[in-house]
Amino acid sequence: MALYSEKVMDHFRNPRNVGVIEDADGIGEVGNAKCGDIMKMYLKIKDDTIEDVKFETFGCGSAIASSSMATELIKGKPVADAMQLTNKAVAEALDGLPDYKMHCSVLAEEAIQSALEDYYKKHPEKAPAKE
Ligand code: FES
């Protein structure tokens, strides 16, 4: 069996939503200390919806595919849904990642979380009530 699914290869070769949003409402940057890969997410949020999302990833193919897929999964969705996005969902949408590459999808989850935290810091009135 091939190491990577066709979807991983597709998103790696033709990543969706690559770039920068100049007037982003939330920006998140995370890295993995072990491999040194870095992922940056930009969110444009309007009416509690992810109106636009872009990313820059300096990392391995799985990290690029994961960020690309993650942006596809949250684009146009309510912010509440983006909050719930897990790395497992990203990996599943890619038809799986090898075990030792799962941490690449974790980076995508963390980058989105971090961008949302940044958004809530700038817009505390939008932050979900703490339980
Ligand atoms: Fe570290 Fe992929 S090898 S993010």
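What follows is calculated from the coordinates using simple rules that are stated; it is not laboratory data. Not measured: the values here are computed from a predicted model. Because the Cβ atoms are built from the backbone with ideal geometry, glycine has one as well, and the counts that use them run over all protein chains shown.
For the range 30-49, backbone nitrogen atoms closer than 19 Å to the point 7 Å from His123 Cα along Cα-to-C-beta are found at 41-49. Note on Lys7: lysines with a C-alpha under 17 Å away, same-chain residues under 8 apart excluded, are Lys88, Lys101. Residues whose amide H lies under 5 Å from that of Asp25, counting only those 5 or more places away or on a different chain, are Leu43, Lys44, Ile45; hydrogens are built 1.01 Å from N in the peptide plane.
The 3J(HN,Hα) values that the Karplus relation (6.51, -1.76, 1.60; θ = phi - 60°) gives for the range 36-46 are, in residue order, x, 6, 10, 10, 10, 10, 10, 10, 10, 10, 9 Hz. Gly and Pro appear as x.
At a Förster radius of 30 Å, what calculated FRET efficiency corresponds to the Cβ-Cβ distance of Leu3 and Lys46, to the nearest 0.05?
0.15
Each peptide in 93-104, 12-23 gets a packing score, the mean of other Cβ atoms within 10 Å over its residues, and the list from highest to lowest is 93-104, 12-23.
Projected label points at Asp10 and Thr86, each 7 Å from Cα along the beta carbon direction, are separated by 2.4 nanometres. Applied to the range 56-70, the Karplus parametrisation 6.51 cos²θ - 1.76 cosθ + 1.60 on θ = phi - 60° returns per-residue 3J(HN,Hα) values of 10, 10, 9, x, 6, x, 5, 5, 5, 4, 5, 5, 4, 5, 4 Hz, with x for Gly and Pro. Above 19 Å, the calculated P(r) of the range 1-79 contains 38 percent of its Cα-Cα pairs.
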